[in-house]
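What follows is a set of notes on a single structure, which appears directly below.
The values are calculated or read from the model by the stated rules, or taken from the named source; none is laboratory data. In this text the structure is predicted, and so the values were computed from the model without any measurement. Positions of Cβ are generated from backbone atoms using ideal geometry, with glycine treated the same way; all protein chains shown enter the neighbour counts.
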Amino acid sequence: MTVRGGNTLSEEDRILWSLVARSAKPLLGRKPIEQPVEETKAPEAAKPPAGKAGPAIPAAPIAVQPKRHIPTHLDNPTLDKLAKGKLPIEARVDLHGMTQDEAYSLLYTFISRAHGRGARYVLVITGKGSSSGGDGVLRRAVPGWLSTPTFRPFVSSHDHAARGHGGGGALYVRLRRIRP
């Protein structure tokens, strides 16, 4: 198999690619494409050294770990308490009018500092951003950012804020507790 630029895949890369390709599911209404079964050579690491005699150790299949479900939404009782002011919002940040780079940097700094201070619930204001008829860029991007591995050590879950706190243009963010 060749890749763009005329380079060929190593044997290990080809094996890994075939495993990934076999795990792909076809789109709804489409039949799966039959992949020809190819004989693969054992990787060099699985062969015994030339000087030692002994049984060959078969290569272990690559186990694909299932993705852990990470909850991103707050539970309803917590949402109700935040909306009614029964749970304090300990910090807030407003990202209106910023570029994505500026907003990402400010959001990361804000979240990490609030977590360091031991804050539990914070409000992130993105704005509704209805320019050119669509949703705002930050309104769409920020929930995705909060779900990335960069924010995972700080963020437990997040959800859209109540109308009184900005509605669809703001997010409640529950921060993880600091474990001693």
Residues (surrounded by 13 or more Cβ atoms within 10 Å (Cβ to Cβ) and either outside any loop (DSSP other than H, G, I, E, B) or modelled with pLDDT of 80 or more (or both)) located in the stretch 114-135: 114, 115, 119, 120, 121, 122, 123, 124, 125, 126, 127, 128
The residue that is farthest from residue 141 (Cα to Cα), considering only those in the stretch 73-113 that are among the β-branched types (Val, Ile, Thr) and in a helix (DSSP H, G or I), is 78
